[in-house]
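Peer 1: I'd like to ask some things about the structure below.
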Amino acid sequence: MGFKTVVVHVNSSAETERRVRLAAQIVRMSKGRLVGAAMSGISRLLYADHATTMGVSMAAQCIDEARENARANLRRFETQCQMLDLPSFESRLLDDQAADGLVLQSRYGDLVVLGQVNPDGPVSPLEEETPEYVAMNSARPVLVVPYAGHYEAPFQRVLVAWDGSMEATRAVTAAIPLMEHAARVTLAVFNAGREPDRHGSEPGADMALYLARHGIKVEVSSQVTSIDVGSALLSFAADTDADLLVMGCYGHSRFREIMLGGTSRTVLQSMTLPVLMAH
């Protein structure tokens, strides 16, 4: 079991190189293939709108420039993969906005690696991946990498946010190939007494047993907090020196607007470690 195809978002941000390096390390663990996905940022619908308002020739020039920018990003990706001596990789260029392109590519991979939005970054809005949109609509789990910090795989100290939900179950199952390499896995259950029907008499015990059958040793930690769970989760991650957080992504979408749950929103905004999410 492993991630045989990992899709990584490639754009012009300064964080792309670190994101690609981490994705390459994950691919090497499972002897898989790394796919660098770069989007021009201009969808067919947007192109048609530009052609109407700007004129066909000017619109064609804009999309040619956007495509060349994406190609340049992919050339840097390929150079980095060669420098990393990665045996299997490929580039894909799509005429689409970043979020939609990544959602599409998620269907053909096992994991999507993308970056947390840097509010001070110079990247064009059309190049931004919008992690919450991708996490909510992706066919596969997503690994969101913070825009600050340095991270390495295999991850050694994994923190799992367990609340008995379908989303958390999917995230835990997706993270098994990463947890198999970890030296320590902690299953954190917050305020289990508030939802006894979901957790049972021994919160976390059933999931710990499930993971044990995969050869993963798990410590269950029951936590009680009066602050929001997202903040408590990030604080606990810092206290335990975790280098990967695994959690479900909660919310719903209405057209293009994403209404995230409070925990998911807090983590995506304030994350201090890579987060593997599934919806």
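The values are calculated or read from the model by the stated rules, or taken from the named source; none is laboratory data. Remember, predicted model here, so these are calculated numbers, not experimental data. In this analysis, Cβ positions are derived from the backbone assuming ideal geometry, glycine residues included, and neighbour counts consider all displayed protein chains.
Peer 1: Quick one: how many residues across region 130-144 are crowded, with 24+ Cβ neighbours inside 10 Å and either assigned to a strand (DSSP E or B) or hydrophobic (A, V, I, L, M, F, W, C) (or both)?
Peer 2: Here the count works out to 5.
Each row is one residue, and each column tells you yes or no for (1) assigned to a helix (DSSP H, G or I); (2) within 24 Å of P274 (Cβ to Cβ); (3) touching a strand residue (DSSP E or B) at 6+ places or on another chain (Cβ under 9 Å).
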| site | (1), (2), (3) |
| --- | --- |
| R67 | yes, no, yes |
| N73 | yes, yes, yes |
| E78 | yes, yes, yes |
| C81 | yes, yes, yes |
| E90 | no, yes, yes |
| L93 | no, no, yes |
| V103 | yes, yes, yes |
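To keep it simple, each residue is scored yes or no on (1) within 19 Å of A232 (Cα to Cα); (2) touching a residue at least 60 places away in the same chain (Cβ under 8 Å).
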{"residue": "Q156", "(1), (2)": "no, yes"}
{"residue": "D163", "(1), (2)": "yes, yes"}
{"residue": "A175", "(1), (2)": "no, yes"}
{"residue": "A188", "(1), (2)": "yes, no"}
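Peer 1: If you don't mind, another one. If you go through region 213-226 one residue at a time, how many are closer than 16 Å to A175 by Cα and either among the basic types (K, R) or over 25 Å from the mean Cα position of the chain (by Cα) (or both)?
Peer 2: Residues in region 213-226 being closer than 16 Å to A175 by Cα and either among the basic types (K, R) or over 25 Å from the mean Cα position of the chain (by Cα) (or both): 2 in total.
Peer 1: Would you mind telling me which numbered condition in (1) surrounded by 22 or more Cβ atoms within 10 Å (Cβ to Cβ); (2) at pLDDT below 90 A192 fails?
Peer 2: Condition (1) is where A192 drops out.
Peer 1: Ok, one more. Only one residue in R157, R170 is modelled with pLDDT of 95 or more and touching an Asp or Glu at 6+ places or on another chain (Cβ under 8 Å). Which one?
Peer 2: Selected residue: R157, the only one of R157, R170 that is modelled with pLDDT of 95 or more and touching an Asp or Glu at 6+ places or on another chain (Cβ under 8 Å).
Peer 1: Mind checking which pairs have a first residue in region 212-225 that is more than 16 Å from A242 (Cβ to Cβ) and of a type in the set (A, V, I, L, M, F, W, C) and a second that is modelled with pLDDT under 95 and in a strand (DSSP E or B), Cβ under 9 Å, 6 or more apart or different chains?
Peer 2: Qualifying pairs under 9 Å: V224/F190.
Peer 1: Right, something else. Mind checking which residues of region 162-181 are in a loop (DSSP other than H, G, I, E, B) and buried (at least 20 other Cβ atoms within 10 Å of the Cβ)?
Peer 2: W162, D163, A175, listed by residue number.
Yes/no per residue for (1) buried (at least 22 other Cβ atoms within 10 Å of the Cβ); (2) at pLDDT 80 or above; (3) within 15 Å of V20 (Cβ to Cβ):
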{"site": "A48", "(1), (2), (3)": "no, no, no"}
{"site": "E90", "(1), (2), (3)": "no, yes, yes"}
{"site": "L102", "(1), (2), (3)": "yes, yes, yes"}
{"site": "Y108", "(1), (2), (3)": "no, yes, no"}
